[in-house]
Amino acid sequence: MQPGAFFREPYHFEVLARTVLPELARAGGRRIRLWSAGCSSGEEAWSLAMIVEEARLPPDLGAGIVASDSDPHALARASDAVYTDLRMARVTAERRQRHFVRGVGPRQGLWRVTAPLRDRVEFCALDLMGPWPARDPFDVVVCHDPIAALDPPGAARLVRRFAEILAPGGVMFLGANEAVPDGIAGLEVHGRAIYRKLAAVARTG
């Protein structure tokens, strides 16, 4: 998979920060869970982590992020959390100062995600089209690149699986050009390529 980019689909991150996370925080009740499905070299997962950190959720609520990919080399780069000046082009100076440590000496021109942010993200190897381990429901699922690479039947199957693992009220962010196929019950449009789960969706097996 090609390397990702920080804050790809800026509109999605704006909706997450301004609408989705505040609504989840008001609902309360349990820890918020987010999934970067197909995280590639990690930029998407760290973008989510920055948004969560900046949301200032209640201390008794908190949030955790799972980031998965099928490529072990991409996962190694993602968990290392080190990026070049070029890869950091979409990260503002304010966010660089707050969420990254700048390399010096032989590491000049490199940036590493800070330890508090790294503690928020759990990386795991997973083929999105293969079996999924049992997990608690997610409140947010983000899948920008992998779904765009699938043919329509494959994309429809993956969307159904995401719908199954979303908690009621959870939100799914897809690639900008992806649309939820007809016939997937319990989802409503929540923005451009954004869908909210209204109620439990029966498992398709």
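The values are calculated or read from the model by the stated rules, or taken from the named source; none is laboratory data. Treat the numbers as computed from the prediction; the structure is a model and nothing was measured. Reconstructed Cβ throughout: ideal geometry from the backbone, glycine too, with neighbour counts over all protein chains shown.
Determine, yes or no, whether Glu44 is within 19 Å of Tyr195 (Cβ to Cβ), acidic (Asp, Glu) and surrounded by 23 or more Cβ atoms within 10 Å (Cβ to Cβ).
yes
For a quick check of your reading: which strands (runs of 3 or more DSSP E) sit entirely within region 57-119 and have at least 1 residues that are surrounded by 14 or more Cβ atoms within 10 Å (Cβ to Cβ), modelled with pLDDT of 95 or more and of a type in the set (Asp, Glu)?
So the answer is 63-69.
Quick check on my filter: what residues within region 104-133 are among the β-branched types (Val, Ile, Thr) and touching a strand residue (DSSP E or B) at 6+ places or on another chain (Cβ under 7 Å)?
Val113, Thr114, Val121 - these are the residues of region 104-133 that are among the β-branched types (Val, Ile, Thr) and touching a strand residue (DSSP E or B) at 6+ places or on another chain (Cβ under 7 Å).
Scan region 130-147 residue by residue and report those that are surrounded by 13 or more Cβ atoms within 10 Å (Cβ to Cβ), at pLDDT below 95 and aliphatic (A, V, I, L, M).
Across region 130-147, the qualifying residue is only Ile147.
Whether any residue in region 25-41 is modelled with pLDDT under 95, closer than 25 Å to Arg192 by Cβ and out of contact with any strand residue (DSSP E or B) (no Cβ under 8 Å at 6 or more places or on another chain) is what I want to check.
Looking for residues that are modelled with pLDDT under 95, closer than 25 Å to Arg192 by Cβ and out of contact with any strand residue (DSSP E or B) (no Cβ under 8 Å at 6 or more places or on another chain), one finds at least one in region 25-41, hence yes.
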